[in-house]
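All remarks here apply to the structure that follows.
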Amino acid sequence: MIGAEGEQLGVMTPQAALVKARESDLDLVEVAPMSRPPVCRIMDYSKFKYDQGKKEKEARKHQHVIKMKEVRYKVTIEEHDYLTKLGHIKDFLQKGNKVKVSLRFRGREAAHQEMGRALMRRIITDVAGKGEAEKPPSKEGPFMNMVLTPK
């Protein structure tokens, strides 16, 4: 049994613990039910729940949620367009986001998978300082996809 001020009150029966809690006009809360004997504490339970909620809210405020961004390419992309999209990928990785790179094959382009794989390898080498491939390029329908994660 732990008192309202954090002092050890020793082992006592549940009835005696309830009487002590009612005397101090507080609640009897079971803190460690699996220990032998179970540990109980005298406290203001509603204040405890309020403080616990505030701590959780503060912790959520400081955590960074990793988002998934997507950048789409075509097999026949021009150099300037490639560099622009590569800059976007690097920005996303710099901010700590994952990036899904999608490469769309249209019509006869589907017969030239090697061109798509070469473009994906080029992207991986160009972002090597900022990120790495979490999921290697894989073909799914008309798309070839891969996921990049920040280093």
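Computed from the coordinates by the stated procedures, all read-outs in this text should not be read as laboratory data. None of the values given here were measured: they were computed from a predicted structure. We place every Cβ from the backbone using ideal geometry, glycine too, and count neighbours over all the protein chains shown.
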### Message
I need the helices (runs of 4 or more DSSP H) fully contained in region 1-96, keeping only those with at least 3 residues that are under 30 Å from Thr125 (Cβ atoms) and touching a Lys or Arg at 6+ places or on another chain (Cβ under 8 Å).
### Response
79-94
### Message
From the list Leu119, Leu26, Leu93, exactly one residue is surrounded by 15 or more Cβ atoms within 10 Å (Cβ to Cβ), more than 30 Å from Met146 (Cβ to Cβ) and hydrophobic (A, V, I, L, M, F, W, C). Which is it?
### Response
Leu26
### Single unsatisfied condition, Lys135 versus (1) part of a helix (DSSP H, G or I); (2) loosely packed, with under 14 Cβ neighbours inside 10 Å
(1)
#### Entry: Matching residues in region 114-151 - criterion: being over 24 Å from the mean Cα position of the chain (by Cα), closer than 16 Å to Gln94 by Cβ and β-branched (Val, Ile, Thr)
Ile123
